[in-house]
Amino acid sequence: GTWQPGSIGGSYYLEPIDVGQVFHPKVAVSTSEDTIDVAVSSANLTLDELTSAAQLGMEYTLTRDGADNDPHTPVIQDILSFVDELQEEYVGRDAGTQLSRLVEQGSWIHDVSATNESTQFLQNLTTPILPQIVETLDAVERVQLAAPFFGSAETMQAIVAQIDPMECELLIDEGTTHIDLE
């Protein structure tokens, strides 16, 4: 539409990303010749979200020297591949140039041979998240779904039906959850 790239103050550059669907990333990456820092979080990039709201997330630094034996190496490889896909297909020239530099500086990660089947980085650029999760599961005895709000009982039923647990518990925030459940 009418969105245009532009500077926000002196520290941020905003550029729209056109993926044709919902795009709400929560990944921050910085790279150097010897380290890759990643943060994956549920927080939006606002001061309140990062300092006072309850959020889920992790921050990790992978060192080049320890990458061969680090169980997080495959996840960080996937994160760099995700950023590379973004810069190749979804962003404009300015953001693409910056992301390309970031990926190039951390390209050493792809020379590391490491495996870890228990931890994965999932993203929804091409496939929704829930089917990816369900694909990794065996029989589920119990599932807990937690969020400050849920869209509708029908949406929750559809999610639970895909997971197909023997038991389901919804953790809701009384007063802010807008869902009618017995």
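The values are calculated or read from the model by the stated rules, or taken from the named source; none is laboratory data. Owing to the predicted nature of the structure, the values given are computational and were not obtained by experimental measurement. All Cβ positions, even for glycine, are placed from backbone atoms using ideal geometry, and neighbour counts span all protein chains on display. Surface accessibility is based on the protein's heavy atoms, side chains included, excluding ligands, DNA and RNA. Shrake-Rupley method; radii C 1.70, N 1.55, O 1.52, S 1.80 Å.
List of remarks:
Conditions tested, residue by residue: (1) closer than 11 Å to VAL29 by Cβ; (2) at pLDDT 90 or above; (3) touching a helix residue (DSSP H, G or I) at 6+ places or on another chain (Cβ under 7 Å).
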position: LEU62; (1), (2), (3): yes, yes, yes
position: LEU80; (1), (2), (3): yes, yes, yes
position: THR97; (1), (2), (3): no, no, no
position: TRP108; (1), (2), (3): no, yes, no
position: ASP111; (1), (2), (3): no, yes, no
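- Identity of the residue in the stretch 128-172, in contact with a strand residue (DSSP E or B) (Cβ under 6 Å, 6 or more places away or on another chain) and part of a helix (DSSP H, G or I), that ends up modelled with the lowest pLDDT: VAL160
- Within the span defined as the stretch 36-53, one or more residues are at pLDDT 90 or above and either in contact with a Lys or Arg (Cβ under 7 Å, 6 or more places away or on another chain) or closer than 16 Å to ASP111 by Cα (or both).
- Among the numbered conditions (1) at pLDDT 90 or above; (2) under 24 Å from GLY57 (Cβ atoms); (3) out of contact with any helix residue (DSSP H, G or I) (no Cβ under 8 Å at 6 or more places or on another chain), the only one that GLU104 does not meet is (2).
- Residue, nearest to PRO128 (Cα to Cα), within the stretch 28-39, restricted to residues that are open to solvent by 50 Å² or more (accessible area, probe 1.4 Å) and of a type outside the set (Asp, Glu): ALA28
- Pairs are defined by a Cβ separation below 9 Å, a sequence spacing of at least 6 or placement on different chains, a first member in the stretch 115-126 that is over 15 Å from VAL38 (Cα atoms) and at pLDDT below 70, and a second member that is of a type in the set (D, E, K, R) and assigned to a loop (DSSP other than H, G, I, E, B); the pairs so defined are ASN116/ASP70.
- Residue count, the stretch 42-84 (criterion: open to solvent by less than 40 Å² (accessible area, probe 1.4 Å) and in a strand (DSSP E or B)): 1
- Filter pass, GLU88 being more than 13 Å from the chain's Cα centre (by Cα), at pLDDT 75 or above and surrounded by 11 or more Cβ atoms within 10 Å (Cβ to Cβ): yes
- Looking only at residues of the stretch 103-127 that are hydrophobic (A, V, I, L, M, F, W, C) and part of a loop (DSSP other than H, G, I, E, B), we find that the one that is farthest from ARG64 (Cα to Cα) is LEU125.
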